[in-house]
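The values are calculated or read from the model by the stated rules, or taken from the named source; none is laboratory data. All values derive from a computational prediction rather than experimental measurement. Glycine also receives a Cβ, built like all others from the backbone with ideal geometry; neighbour counts cover every protein chain displayed. For accessibility, only protein heavy atoms count, side chains too; no ligands or nucleic acids. Shrake-Rupley method; radii C 1.70, N 1.55, O 1.52, S 1.80 Å.
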Amino acid sequence: MSDLRTGGSVLPITRWGTPVMHAKTRPVTSFDNQLHQLVKDMFATMAAAEGVGLAATQVGIDLAIFVYDCPDADHQRHVGVVCNPVVTLPEGKDRHLDKADEGCLSLPGAYEALARPDNAICRGVDAYGDEVEVIGTGLLARCLQHETDHLNGTVFGDRLPARSRKKLYRQHEELADLYPDDWPVSPRLPDEDDSDDSDD
């Protein structure tokens, strides 16, 4: 797997409103060099955008695959690929919601609080077709749910009440000019509020 984390090219990130972002994806059936190159490109794009997860729809591809590089509740880093993911969420007394700010690389600059279960199990196959299971807690649980949603044609704004969704879009529109159309191929523009003495 580690050989798929490097050697990719940064791709433009597809924005909300583009049809591929709002439709269910096709299952991955060929685990070939073309898929492996897509995985490399997705890792490169996710890193350039400073994200923790990226679905294929976010680079304009309607395939059921996502990559992630994300910490869990214990701050342990998890990195991987899941094709054809299915997420299982806890039920009953095991179900605990965590309300936290959520954002999306396909609506850059905007965040809104969304309650999601704080645990998730994601099952699928890796980039070679081998079965994989990812147990997520904390941010990783949120990431697994967010990326699998993408592959089912759901953006997290779809899960927000109308008022919160409007607030999210308003926040994005205020910052949209800072993100070139081909971002992160072209970097985010500096905000006039950005200062040279900001923390690293």
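Residues of the chain were split at every exposed loop site, defined as GluC sites (Glu not before Pro) in a DSSP loop with at most 10 other C-beta atoms within 10 angstrom, and the longest piece left, sites excluded, is 92-191. Computed about the Cα centre, the dipole magnitude for region 98-139 is approximately 140 debye when only Lys and Arg (+1) and Asp and Glu (-1) carry charge, each at its Cβ. To the nearest 10, the accessible area of W16 is 30 Å² with a 1.4 Å probe. For V10, the accessible area of its heavy atoms, probed at 1.4 Å with every protein chain present, is near 60 square angstrom.
Considering only H75, T148, A113, the residue lying farthest towards the positive end of the dipole of the chain is T148, judged by Cα position with unit charges set on Cβ.
Taking the Cβ of S164 as the centre, find all other residues whose Cβ is under 13 Å away and add up their charges (Lys, Arg: +1; Asp, Glu: -1). After counting each charged neighbour, the total is +3. If you average the C-alpha positions of region 118-180 and of region 1-42 separately, how far apart do those two centres end up, in angstrom? Region 118-180 and region 1-42 have Cα centres spaced 15 Å from each other. Per-residue SASA remark: I61, around 60 Å² accessible (1.4 Å probe; ligands, DNA and RNA not included).
Placing +1 on the Cβ of every Lys and Arg and -1 on the Cβ of every Asp and Glu, with no other charges, gives the chain a dipole of roughly 1060 debye about its Cα centre.
In loop segments of region 142-184 as defined by DSSP, there are no trypsin sites (Lys or Arg not before Pro) with at most 10 further C-beta atoms inside 10 Å of their C-beta.
When the helices of the chain are scored as -39500 (n - 2.57) per DSSP H run of n ≥ 4 and the total is divided over every residue, the value at 222 nm lands at -7000 deg cm²/dmol.
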